[in-house]
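Everything below concerns the one structure shown next.
Where a number appears in this text, it was derived from the coordinates with a stated rule and is not lab data. Small disclaimer: the values here were computed from a predicted structure and weren't measured. Note: ideal-geometry Cβ built from the backbone for every residue, glycine included; neighbour counts use all protein chains shown.
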Amino acid sequence: MEVILKTNIEKLGAKDEVVNVKPGYARNYLIPRGYAVVATESARKMLAENLKQRSHKESRILADAQSLAEKLSALTLTIATKASDTGKIFGSINTIQLSEAFAKEGHNIDRKSISMLEEHIKMIGSYEARVKLHKEVSATVKFEVVSE
């Protein structure tokens, strides 16, 4: 069953993309939650018109995402947390703390667009994370975990 996605869905597709999914997944999950619509002929025409109108804006959005990616790649975040004398963190560092650290630097990055390159961060040290800014643009950001 072909559907048109209304939002970006991880491991499925980007917004305004026509994807082929199983009928049960479309009827029971995507369509009721408003994540997609059935790809009928009229819906495809509306999508084509919307994409045509948005095409010139898309190049500007892509350029903005690329410039932000360059800024973020040059940035090194510092996250202070409680840790023992041996360097073990009480708890772990996750995308919420990274999103808050970006906010302190003046960049509003959604935590869902941040992915950690390490599975669990439970020690003081230097790490990297990937930030997806656009469907074609992502940046690798370095951050340090230090003891308070």
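Alpha-carbon geometry of the chain: the Rg and the Dmax are 19.6, 64 Å, given in that order.
For Cα pairs less than 8 Å apart in space and 6+ apart in sequence, what is the mean separation divided by the residue count of the chain, i.e. the relative contact order in percent?
Values: 217 pairs, mean separation 29.7, N = 148.
For the chain, the relative contact order is 20 percent.
Could you quote the convex hull projected area for region 2-66, Cα atoms only and averaged over all directions, in nm²? Present the calculation step by step, with values, prior to reporting the outcome.
Working: hull surface 19.5 nm².
Mean shadow area of the hull around the Cα atoms is 4.9 nm².
Once the Cα atoms are used to define both axes, helix 41-74 deviates from the longest principal axis of the chain by about 20 degrees.
Can you give me the Rg/Rh ratio for region 68-147, using Cα atoms for both radii and the Kirkwood formula for Rh?
Working: Rg = 12.4 Å, Rh = 12.8 Å.
Here the Rg-to-Rh quotient is 0.97.
For the chain, the longest principal axis of the alpha carbon atoms and the long axis of helix 95-105 meet at an angle near 80°. The residue among Val19, Pro32, Leu62 whose Cα reaches farthest toward the positive pole of the charge dipole of region 2-66, with charges on the beta-carbon of Lys, Arg, Asp and Glu, is Pro32.
With +1 on each Lys and Arg Cβ and -1 on each Asp and Glu Cβ, and nothing else charged, work out how big the dipole of the chain is about its Cα centre, in Debye to the nearest 20.
Here the chain has a charge dipole of around 540 debye.
If you take all C-alpha pairs in region 35-101, what percent of them are over 21 Å apart? Spell out each step's value before the answer.
Details: 1325 of 2211 pairs.
Looking at region 35-101, the distances longer than 21 Å represent 60 percent of pairs.
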